[in-house]
1. Would you mind working out the magnitude of the charge dipole of the chain relative to its Cα centre, with +1 at each Lys and Arg C-beta and -1 at each Asp and Glu C-beta, to the nearest 20 Debye?
2. Can you tell me, using C-alpha contacts under 8 Å and at least 6 residues apart, the relative contact order of region 15-60 as a whole percent?
3. For a footprinting-style exposure proxy, rank E57, E39 by other Cβ within 10 Å, fewest first.
4. Measuring from the lowest to the highest alpha carbon on each principal axis, how far does the chain reach, largest first, in angstroms?
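Please treat every number below as a calculation from the coordinates, not as lab data. Every value quoted in this text rests on a predicted model; they were computed, and no experiment measured them. Positions of Cβ are generated from backbone atoms using ideal geometry, with glycine treated the same way; all protein chains shown enter the neighbour counts.
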Amino acid sequence: MFKYRRDGDVAPRWRIPVQQIVGGAPQNTGVALDPIHKELFVANGPLNRVFTFYFPEMFD
């Protein structure tokens, strides 16, 4: 994951451990950002779950 609004040749600052979050294979899994509320969403179709994380460091 890169810091919000970065461009060019920049190394990622964070990694999202999707497999550990959803508890298995990451098929049918999506990631979304809400910059207004500084949140990160991880959705998983087979498990019918949405995980929400408050992640202000990404948007500073």
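1. That gives the chain a dipole magnitude of about 80 debye.
2. It comes to 28 percent, rounded to a whole number.
3. Result, fewest neighbours first: E57, E39.
4. 34, 25, 14 Å, listed from the longest principal axis down.
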